[in-house]
Amino acid sequence: MPIALAFIGIGVVLLFSVPLALGLISATLFLIAGVCFFHDLRLSRRGCRAQGTVVDFMLEEECYLPVVEFSDRSGVTRRMTTRTGRGIKQPACGNRVRIIYDPDGKSGCEIDTFFRRWGVTLMIAGLGVLFAAGARFAE
């Protein structure tokens, strides 16, 4: 519901000022990118690394999220679903992967590659830059 209200608000602003609407979209994207950045930064600082095995995939909104099984630093076997997925099942089940996980369990785990950890943040920030440029040149 809040997203629908945001789109309605942007639509109203767009009727009066294209640069303002593009600027608001840009600011929203930068805010979302900032939240993603701090979430990933928290996982980088507090997280522990381990070797894990992809054992399954969870389908969520047409995106396959890898389910990884690993032993934490206490030797306890854990099974967690990553937050970042793709439209295809990758890496394949049975593949060994390096992961980073939150020992408190608050931030979950992620396969420890640059794109899987920072890709979403960079794409959202990139869209923010495009909308900001559009706002600047729409004047």
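Computed from the coordinates by the stated procedures, all read-outs in this text should not be read as laboratory data. In this text the structure is predicted, and so the values were computed from the model without any measurement. Quick reminder, even Gly has a Cβ in these numbers, built from the backbone with ideal geometry, and neighbours come from all protein chains shown.
Over the Cα atoms of the range 58-126, each weighted equally, I'd like the Debye log10 I(q)/I(0) at q = 0.22, 0.26, 0.29 Å⁻¹, rounded to two decimals. Listed by q, the Debye log ratios stand at -1.03, -1.31, -1.45. Computed from Cα positions, the angle between helix 114-137 and the longest principal axis of the chain comes to roughly 0 degrees.
Among Asp40, Asp102, the ranking by other beta carbons within 10 Å of each residue's beta carbon, starting with the fewest, stands as Asp102, Asp40. Other residues with beta-carbon under 14 Å from the beta-carbon of Leu43 carry, at +1 per Lys or Arg and -1 per Asp or Glu, a net charge of +4. Using a Gaussian network model of the chain in which every pair of alpha carbons under 10 angstrom is joined by a spring, one finds that among Arg83, Arg73, Arg116 the greatest mean-square fluctuation is at Arg73.
Within the range 2-137, DSSP assigns beta bridges of which about 95% are antiparallel (rounded to the nearest 5). Within the range 2-137, the proportion of C-alpha pairs whose separation exceeds 23 Å stands at 46%. Working from label points 7 Å from Cα in the Cα-to-Cβ sense, the Cys93 to Phe37 distance is 3.9 nm. Against the main long axis of the alpha-carbon atoms of the chain, helix 18-46 sits at an angle near 20°.
Against the main long axis of the alpha-carbon atoms of the chain, helix 2-16 sits at an angle near 30°. Other residues with beta-carbon under 13 Å from the beta-carbon of Arg79 carry, at +1 per Lys or Arg and -1 per Asp or Glu, a net charge of -2. Over the range 2-137, Cα pairs under 8 Å with separation of 6+ residues give a relative contact order of 29 percent. With 0.36 nm allotted per residue and the present C-alpha distance subtracted, the Arg45-Thr113 stretch has 22.9 nm of extension available. Projected label points at Leu130 and Ser74, each 7 Å from Cα along the beta carbon direction, are separated by 4.5 nanometres.
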